[in-house]
Amino acid sequence: MQLDPNAIKQWLKRLWTACADRDNRWLSRPCTIAALFVLLVLVKSCQGIAYNYTNECRIYKLGYPMEEARALATALNDAQVDSLVARNEHDTIAIPVINARYFIADNFDRYLAYHKVDTTVNSIDVIIALVNIGADQDRESSAAPCDTTKGQLMLVNGRHYLDQNYKPDSLVKFSKTYCYEEQKAQRAVVDAFMAMQKACKEQTDAQLMVNSAYRSFNDQKGTYKHSIKGYAATPGHSEHQTGFAIDVTSREHPMRWPFDTSKEGIWMREHCHEYGFILRYPKKQSQIFGFAYEPWHLRYVGKDVARRIHDEDITFDEYYAYYLNRN
């Protein structure tokens, strides 16, 4: 039989009222003392019964030290605790996960599950990043339409796609002085590039050039068909269709890989965030987004967001998941 803590509280309240009533003559001094003793015992029992039902106690019974159980109970909601308890084990990465900088509580169960499935990933930060961007889910079944209402912060990648008929409302041409053939992009991109190339020219004496900018869905078909695997997105999954992405080289180093190690290529990677651009596919984070390193591919996100991504050393996918898309 399970005791109802609320019923016990009501009974104890009535008993206390009776004990405190001086006109209640049937309660002698010895009887009052005994009643108070019983009251204290029942209070303690009620507290113990109630504690057994707390998330902290449920987690503690899995083998977590009390301090860890308390931390997990604080970080997780009831449904997440239920899922943890259902595992019926002491998972060693649970505490490092909730202490990770980009921890999202709604993804807690997926973090633990991913660690079990892919034992080659030992870094908690990488597990957090991969799950946050949806890399733990099947790409085709979890693919979703791009939220174009986010404007320059719309996310287009292997799991977020644009409709084949999507085209930016307003595209502006780059000056022919700064592109190898006619190229267009969003107005903010063109303005930011012009400011960036001017600063680069002043500091490196090299002239940045736009190799590729806006590409339609059909344009991307041709690019994908003739590209090396890992260096081009499938049609609908390319940022170039947004009008916010550009591929940049320089007049002095028009080939992409020589540009990577050139003084202007290095300058661009170090300073592009000052003009609202990010290096979309950095070398050390290729595992996170699934594309090869592209030192020439810039994405415009605005100065504030670009600065945060640069300072926190994260990808745009991670920024989107943690700062824009979590509940």
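The values are calculated or read from the model by the stated rules, or taken from the named source; none is laboratory data. Predicted model, so just to flag it, every value in this text is computed and none were measured. Cβ atoms come from the backbone with ideal geometry, glycine included; neighbour counts cover every protein chain shown. Remember, those area values only see protein heavy atoms, side chains included, never the ligands or the DNA or RNA. Shrake-Rupley method; radii C 1.70, N 1.55, O 1.52, S 1.80 Å.
Taking θ as phi - 60°, what are the ³J(HN,Hα) couplings along region 235-247 by the Karplus curve (6.51, -1.76, 1.60), each to the nearest whole Hz, with x for Gly and Pro?
Values, residue by residue: x, x, 10, 9, 5, 4, 5, 6, x, 9, 10, 9, 9 Hz.
Starting from the amide H of residue 243, placed 1.01 Å from N in the peptide plane, find each other amide H under 5 Å away whose residue is 5 or more places distant or on another chain.
Hits under the 5 Å cutoff: 215.
In terms of the ratio Rg/(2.2 N^0.38 Å) built on C-alpha atoms, what value belongs to region 176-252?
Working: Rg = 13.4 Å, N = 77, 2.2 N^0.38 = 11.5 Å.
Here the Cα radius of gyration is 1.17 times the empirical estimate.
Given the protein chains as shown and a 1.4 Å probe, how many square angstrom of residue 121 are accessible, to the nearest 10?
10
How would you order 203-211, 60-68 from highest to lowest mean count of nearby Cβ atoms within 10 Å?
203-211, 60-68
Too long at a 21 Å Cα-Cα cut-off: which of 150/283; 263/303; 173/198?
150/283; 263/303
In whole angstrom, how far apart do the alpha carbon centroids of region 85-131 and region 188-253 sit?
Their Cα centres are 36 Å away from one another.
Pop out the Kirkwood hydrodynamic radius of region 182-327 from its pairwise C-alpha distances, inverse of mean 1/r, in Å to one decimal.
15.5
Give me the one-decimal nm value for the distance between modelled label points at residue 105 and residue 225, 7 Å along each residue's Cα-to-Cβ direction.
5.1
Kindly provide the GluC sites (Glu not before Pro) of region 113-200 that DSSP labels as loop, not H, G, I, E or B, and whose Cβ sees at most 13 other Cβ atoms within 10 Å.
Details: sites: 140, 181, 182; in loops: 181, 182.
Loop-located and lightly packed - 181, 182.
Can you list the residues, at least 5 places off or on another chain, whose amide H is less than 5 Å from the amide H of residue 136, using H built in the peptide plane?
When sequence neighbours closer than 5 places are left aside, there are no close amide H contacts.
For region 136-153, what does the Karplus curve 6.51 cos²θ - 1.76 cosθ + 1.60, with θ = phi - 60°, yield as ³J(HN,Hα) per residue in whole Hz, taken in order and with x for Gly and Pro?
7, 10, 4, 5, 5, 6, 9, 4, 9, x, 5, 7, 6, 5, 7, x, 5, 9
Can you compute 3J(HN,Hα) from phi for each residue in region 69-75, using the Karplus curve 6.51 cos²θ - 1.76 cosθ + 1.60 with θ = phi - 60°, rounded to whole Hz and x for Gly and Pro?
Ordered by residue, 3J(HN,Hα) equals 4, 5, 5, 5, 5, 6, 7 Hz.
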